[in-house]
1. Which ones in the stretch 92-108 are open to solvent by less than 10 Å² (accessible area, probe 1.4 Å) and modelled with pLDDT of 90 or more?
2. Could you tell me which numbered condition residue 102 fails, if it satisfies all but one of (1) more than 30 Å from residue 23 (Cβ to Cβ); (2) in a loop (DSSP other than H, G, I, E, B)?
3. Go through the residues of the stretch 66-86 one by one and say whether even a single one is modelled with pLDDT of 90 or more and exposed (fewer than 12 other Cβ atoms within 10 Å of the Cβ).
4. So which of 111, 38 is modelled with pLDDT of 80 or more, assigned to a helix (DSSP H, G or I) and either open to solvent by 30 Å² or more (accessible area, probe 1.4 Å) or on the phi < 0 side of the Ramachandran plot (or both)?
5. When you go through 44, 89 one by one, which is the residue that is closer than 21 Å to residue 107 by Cβ, open to solvent by less than 50 Å² (accessible area, probe 1.4 Å) and modelled with pLDDT of 75 or more?
Amino acid sequence: RKRRPVRKGRKPLRYENKANISMPLRRCQKLLHGILKHKFRAFFDRPWDPSEFGIEIYRPRVIKKMKEMNLTVVQNRINSGYYEHPEQFRKDVKKGIDNVRSLVPPNDPIHKAAVEIHKDFENRWTDV
């Protein structure tokens, strides 16, 4: 039986295949990719329903006013070329994190996770 040759290097990430995206936005994609690997990403990468996690909503009226934003929406927007400048990307990521922070009380572990991801994002933002 013939053996396949060992593949050198790594698989390309999704964002590396887009030729029409500027370098600053490629850095944004890389930053987003890192955040999507975070252990608490489940609260931020899709539309968020507090009842799914057994959480009583901290401010129920906020849900009605809140713009639906999560990291999957941000990823789709950056891959489609929606953003023209990294600040637009930053604003949407922060909005997605703030949505979660506004729904749960400050002493909740999910709120603490949102604070941790926000700090991680701000630390990584300096590279962009």
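1. First pass over the stretch 92-108, keeping only residues open to solvent by less than 10 Å² (accessible area, probe 1.4 Å): 93, 96-97, 100, 103-104.
Across the stretch 92-108, the qualifying residue is only 93.
2. (2)
3. Looking through the stretch 66-86, at least one residue is modelled with pLDDT of 90 or more and exposed (fewer than 12 other Cβ atoms within 10 Å of the Cβ).
4. Details: 38 fails: assigned to a helix (DSSP H, G or I).
Only one candidate passes the filter, namely 111.
5. Details: 89 fails: closer than 21 Å to residue 107 by Cβ.
Residue meeting the stated conditions: 44.
The values are calculated or read from the model by the stated rules, or taken from the named source; none is laboratory data. Quick caveat, the model's predicted, so the values are computed rather than measured. As a convention, Cβ positions derive from the backbone with ideal geometry for all residues, glycine included, and neighbour counts pool all protein chains shown. Ligands, DNA and RNA are stripped out before the accessible areas are found, and what is left, the full protein with its side chains, is counted by its heavy atoms. Shrake-Rupley method; radii C 1.70, N 1.55, O 1.52, S 1.80 Å.
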